[in-house]
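So the structure is just underneath, and the comments pick up after that.
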Amino acid sequence: MDLNWQMIVESLPHGLVVTNPRSVIQVWNQTMEVLTGYPAAEAVGRDSSFFHPECGIVFGSAEVSAGPALTIPRLEECRIQRRDGGHVPVLKATRKLADDSGQFQGTVLIFSDLRSLKSLEGRLARLRAMVPPASAAERLVGDSAALREVNERIRLAAESNATILILGETGTGKELVAEEIHERSARARGPLIKLNCAALPETLLESELFGHARGAFTGAVKDKPGRFELAHGGTLMLDEIGDLSPLMQVKLLRLLQHHEFERLGESKTRHADVRIIAATHRDLRQLVDAGRFREDFFYRLNVFPIHLPPLRERGTDILLLARHFMDRFNRETGKSIVDLSPDVRRILLDFCWPGNVRQLENAIEHAFVTCPGTEIGLFDLPVEIRLTHLREQLCRKSVPTGLASPPFPRRDFTRRDSRVEPPPREQLERLLVECHQNRAEVARRLGVDRTTIWRWMKRCGLAGNQDGPSAGQPG
């Protein structure tokens, strides 16, 4: 053997084995000696099966047999047996050798050590086992009464097979709620297929939903299943259902009633076992009254509605969400931004958030781009949130008619505070600390009267030795 070729073979970081047409080993490099414990003197001349490569997962399909030329390597996960009786997980690449006339000359086997990778996979699996899957309450950040009601309805929806209608403004998390319902339902092992009804023209939407047969229209060169068919055994989320045309509403009505459909250009009736979750930011009842949404279709969808509150009605959750996004962006960017300035907290709580949670997330991400230190300041916020006149202008244009003004919901609890559910003791205690025991500020954040804060403090044992609402700092 040529010396330079021998040096190349011995310097490879992978195990190399070359066999003749009868599977007798001709080459066995030093890395194979390390992997198996067998020296080349014992391996060369023996049948290649002596170290028992037990293979499982196959990554390629090239056959190792005689042929006119070299083929793409066949990749498999294997275990090879060591001299001491142990086994080593490896990735085996197999490639045949042929001479110029195409005569089969033997096989090249390359073994890559997977022990480090398997060790990391094991550690990751153990870590995952220690951390339970995130529940809706954990993924939908917040502890307001409105969000607790949403979490309860998610639980009830997941336990049923009914059609779900998710209602909420843009950016409130409708897609996340659909994912939670699917993942916690008996259909979790099936697919979750999503389709945005507002993103496609009607002709293309019908094809995407029901599928089409070959030749159904120009460009339909082969049969294609639709989203409904692909969701068999799972869940189909129809987002922005309020944007459907009357014709598509009629076609979907039959699908909802009988789960039957025909592909475009085909007369064969098909059936699929699919759970429907619809979502929209529009007021469907208003659309029904205006004659733009079929009443029968509305009632077919509105079996179990889930209303997602806008962020302006989740005042107690705003700072929790902001800190949640800060934690995430700290991990992603490597920064250590740990606090919000008092001015920023005030603005976040007072803003109307027409874009809801998505807009708050974007605002925090913007701040991470500009913030040089560990605290997000006023000038780190986007300009439309930072400047008072822009905030007011945005909220006047964006907040739906009927909401209280100013934009942060000042719900009139003066006559109904006794029926308002108090927050958890931990949340109330945390707010008191953040507001330096200023009950007026706590009341402002929670949207209640300051005397209600005093009553809640007494109920939770947080009143201490203070004599009443007027004691201590201004309240």
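The values are calculated or read from the model by the stated rules, or taken from the named source; none is laboratory data. Everything numeric here is computed off the predicted structure, so don't read it as measured data. A quick note on method: Cβ atoms are made from the backbone with ideal geometry, for glycine too, and the neighbour counts reach across all protein chains shown.
Structure data summary
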{"item": "Condition met for Ile306 (crowded, with 19+ Cβ neighbours inside 10 Å and within 28 Å of Asn151 (Cβ to Cβ))", "result": "yes"}
{"item": "Which listed residue is surrounded by fewer than 17 Cβ atoms within 10 Å (Cβ to Cβ), touching a residue at least 40 places away in the same chain (Cβ under 8 Å) and not in a loop (DSSP other than H, G, I, E, B), from Arg323, Arg358, Arg346", "result": "Arg358"}
{"item": "Selection count, region 229-247, where residues are over 27 Å from Glu180 (Cβ atoms) and in a helix (DSSP H, G or I)", "result": "2"}
{"item": "Given (1) part of a helix (DSSP H, G or I); (2) crowded, with 17+ Cβ neighbours inside 10 Å; (3) at pLDDT 70 or above; (4) not assigned by TED's automatic domain parsing to the domain that holds Asp343, index of the condition Arg444 fails", "result": "(3)"}
{"item": "Region 236-256, residues that are without any contact (Cβ under 8 Å) to a residue 12 or more places away in the chain and closer than 16 Å to Ala290 by Cα", "result": "none"}
{"item": "Set Glu180, Glu169: member being in a helix (DSSP H, G or I), out of contact with any strand residue (DSSP E or B) (no Cβ under 7 Å at 6 or more places or on another chain) and buried (at least 16 other Cβ atoms within 10 Å of the Cβ)", "result": "Glu180"}
{"item": "Tally of residues being in contact (Cβ under 8 Å) with a residue 60 or more places away in the chain and within 29 Å of Leu321 (Cα to Cα) across region 152-204", "result": "21"}
{"item": "Scan of region 228-274 for residues that are of a type in the set (Phe, Trp, Tyr) and under 24 Å from the mean Cα position of the chain (by Cα), ordered by number", "result": "Phe228"}
{"item": "Residue among Leu360, Leu348 that is closer than 23 Å to Leu308 by Cβ and in contact with a strand residue (DSSP E or B) (Cβ under 8 Å, 6 or more places away or on another chain)", "result": "Leu348"}
{"item": "Strands (runs of 3 or more DSSP E) contained entirely in region 1-76, each with at least 2 residues that are at pLDDT below 70, among the polar types (S, T, N, Q) and surrounded by fewer than 13 Cβ atoms within 10 Å (Cβ to Cβ)", "result": "none"}
{"item": "Lone qualifier among Glu384, Glu365 - being touching a residue at least 40 places away in the same chain (Cβ under 8 Å) and in a helix (DSSP H, G or I)", "result": "Glu365"}
{"item": "Scope region 173-187; condition polar (S, T, N, Q) and under 15 Å from the mean Cα position of the chain (by Cα); matching residues", "result": "none"}
{"item": "Selected residue (criterion: modelled with the lowest pLDDT) from residues of region 196-205 that are surrounded by fewer than 20 Cβ atoms within 10 Å (Cβ to Cβ) and not in a loop (DSSP other than H, G, I, E, B)", "result": "Thr203"}
{"item": "Members of region 248-278 found to be assigned to a strand (DSSP E or B) and small (Gly, Ala, Ser), listed by number", "result": "Ala278"}
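Results for (1) in contact with a helix residue (DSSP H, G or I) (Cβ under 7 Å, 6 or more places away or on another chain); (2) farther than 21 Å from Lys96 by Cβ; (3) touching a residue at least 12 places away in the same chain (Cβ under 8 Å), shown as yes or no for each residue.
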| site | (1), (2), (3) |
| --- | --- |
| Thr19 | yes, no, yes |
| Val24 | no, no, yes |
| Asn29 | yes, no, yes |
| Leu35 | no, yes, yes |
| Ala41 | no, yes, no |
| Asp47 | no, no, yes |
